[in-house]
1. Which residues, taken from the stretch B:364-375, are within 10 Å of another protein chain (Cβ to nearest Cβ) and in a helix (DSSP H, G or I)?
2. Of the residues that make up the stretch B:273-287, is at least one more than 30 Å from residue B:376 (Cβ to Cβ) and modelled with pLDDT under 90?
3. Out of A:137, A:125, A:131, which single residue is touching a helix residue (DSSP H, G or I) at 6+ places or on another chain (Cβ under 7 Å) and more than 9 Å from chain B (Cβ to nearest Cβ)?
4. From the list A:119, A:147, which one is surrounded by 23 or more Cβ atoms within 10 Å (Cβ to Cβ), facing another protein chain (nearest Cβ under 10 Å) and on the phi < 0 side of the Ramachandran plot?
5. Tell me, yes or no, whether the stretch B:167-181 has at least one residue that is buried (at least 18 other Cβ atoms within 10 Å of the Cβ) and at the interface with another protein chain (Cβ under 7 Å from one of its Cβ atoms).
6. Does the stretch B:350-360 contain any residue that is outside any helix (DSSP H, G or I), more than 9 Å from every other protein chain (Cβ to nearest Cβ) and touching a helix residue (DSSP H, G or I) at 6+ places or on another chain (Cβ under 7 Å)?
7. Out of everything in the stretch A:258-279 that is more than 7 Å from every other protein chain (Cβ to nearest Cβ), assigned to a helix (DSSP H, G or I) and touching a helix residue (DSSP H, G or I) at 6+ places or on another chain (Cβ under 7 Å), what residue ends up being surrounded by the fewest Cβ atoms within 10 Å (Cβ to Cβ)?
8. I'd like to check something: does the stretch B:84-91 contain any residue that is within 9 Å of chain A (Cβ to nearest Cβ), at pLDDT 90 or above and either outside any loop (DSSP other than H, G, I, E, B) or farther than 23 Å from residue B:409 by Cα (or both)?
């Protein structure tokens, strides 16, 4: 088999047009990778500048009432991950800015896609676009005629008479094309690594490793399937058109159609329904029997009893702060219920989408690529969760200061000083580590393995029946 | 052979090619799927807007009942402009175009209704888009424009890759030239059949949806303009493929060139333009707007009353004649928050700056249409179906118009110490399209 692979490579290298094309393609890939990294870095700088600007505004507060500060609030800017220069996933369509303030959990706003006319349906020309769309097509072009041309020239029969089996021939030809794909993939990732060498953490290595594995398996599926079809069909044309039809089905039709189906099977509420439901739960109580006025009365009675006083003015603390925090705690339950339900629906949609890997390995590749690049919906939710945790920390700290900082109930003019505001820690998003997220994408890897295995088995068991002429 | 005879024989060739027939059927299926997706979205948005309109009407009726004392208003005094305006529902809406089934464009990137208060602004977070799975948006919705712009060329490839190529594969190209007209005319005649077939198929799938949304009555020119763009777009591909086939060396060779061209025009060039646009104009974190809505708004709130009065008179000189003497601004306005007109002015100015920055990027995108024709056709179709950036910019302007009205009503009626009667309240409702 190694001899056949080497012969195929020799034939590939003898083809000057292919060599030139490969060279041009490599240069193109390098430029695309470089541009992706530059664009990523530029966006990171913008994000960093916005973050620092907002933090500086916070730190410049000399004196302010803590509740005033809760309304003043802060902003979380969605960070750009290092590997999103490979695959930007959902980053362009989700918002970039999240307002963090008291009383309310906001939604992200100002997505890049909403800031201009439409440009491209398949996203920016980042390495993922080439790795997912262009290289597989290249592999199809390199292998669709690999066996049919042997048939047309009458060499297939000759090769079999010389002792080579058809399955071995298919595997050898598939592997030679597969190695070519891996070479392109390796160079792309190497380029990423070399330019970002100073910023690469062990976690980035493992994420890159999984990305490499995902693409490697997908290329194996493409190379073996195309070569197999080349062996099954009599003409180059039939092999090429069949494989192109499969490619279009996998990359264009199924992701959109199945994505839409998952939304129909697990529908999200409309924004209006979502907001109305939250508003109702906020005012009437989660169970519909505990309105906010009643909750306030209960808290007041409890606190007066706890401090053994008759009126709020006798309290040594500021009851307003306690009341606001109780309202926040209650609000948080409401947000958790409704936002949680939405996240849960979206998770179900994602899981159902992942199941489409059974009939569409491209879906599995997409999930692995953007998942390990840290730019898929699950990472987006992770960012939202961390930002919301920070909002809760921030508002609780402010409410505690309002309660126990030295003011009395009803004193809304009391102000906390600069030291207090400086002591509030900044929001810092931490990307989840690979070992904590790998379970999410296990199913995608399994499907890719299964696809590769099934095709190999099909080739092994059915190639004997292939017509040699 | 005569031109018409070649077209007829091409029909026979087509019906005897199951692969091509199946491809056409699949394409028609995808077109109907895309049209239905757009139509569903159109209905969903209309239904949602109807619910909102119903709720607004209820609020308006509650306001009217308060004048007749049919409802208990609590501390709400409807004779005061602030309360009367509080009970004036003012939802700015962007109604979906009846042509939406033909392209949903950027619809899913934006909100399409907003409940306006005098503290709102056109870039409010309230205006965030409808809840949707971001991955599905990122992968691209399979709407009709996607089918036409991206899948139609693929169908054309399938229909045409072996036209002229098969004869070259089998080596009887010369025979064709002997038996019929020149090979270029022969190819042209065969291509004509597919042009007619495709355009007829598209018209037939488009017409029912145009009828369902009443576009044929209400927006006939819009419908035919869309069809015209599709026709021009299809012809461009046919012409490009005609030259490939004319110079091609066989079916595989032609298929390779056609697919490469598709990949270049539909994926690589738009992606490259997108990348360069993002490099030149990175995603805006809207810090100017955030500063205005927070720090600069706070600055206005902390202004002394006299400064607010002076700034208000500067902004609305018409108030000058009516400035009550010896009153503080607070007394003359008799309400809290006399600073909303100033905040509105600040936000309007900032929004204009943001819009200008975004427009720079749009101008850049337009300048790249020559290398990104897909972008041109996509944005033209989106514009015709009111689902492009500019349609939503127009919506933001409508929102601003509502805010201006709300702010001005309160300012002028309070300043004039006007008692809001039921009739005046009706005028409010009318101004915000609730009556």
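The values are calculated or read from the model by the stated rules, or taken from the named source; none is laboratory data. Note that the structure is a prediction, hence the values are computed from the model and not measured. Note: ideal-geometry Cβ built from the backbone for every residue, glycine included; neighbour counts use all protein chains shown.
1. Once the filter is applied, which keeps residues that are within 10 Å of another protein chain (Cβ to nearest Cβ) and in a helix (DSSP H, G or I), the stretch B:364-375 yields B:364, B:365, B:366, B:374, B:375.
2. Scanning the stretch B:273-287 turns up at least one residue that is more than 30 Å from residue B:376 (Cβ to Cβ) and modelled with pLDDT under 90.
3. Of the residues listed, the single one that is touching a helix residue (DSSP H, G or I) at 6+ places or on another chain (Cβ under 7 Å) and more than 9 Å from chain B (Cβ to nearest Cβ) is A:131.
4. None of the other options fit; the residue is A:119.
5. no
6. So far as the stretch B:350-360 goes, no, none of its residues is outside any helix (DSSP H, G or I), more than 9 Å from every other protein chain (Cβ to nearest Cβ) and touching a helix residue (DSSP H, G or I) at 6+ places or on another chain (Cβ under 7 Å).
7. Per the criteria, the residue is A:265.
8. Checked the stretch B:84-91: no residue is within 9 Å of chain A (Cβ to nearest Cβ), at pLDDT 90 or above and either outside any loop (DSSP other than H, G, I, E, B) or farther than 23 Å from residue B:409 by Cα (or both).
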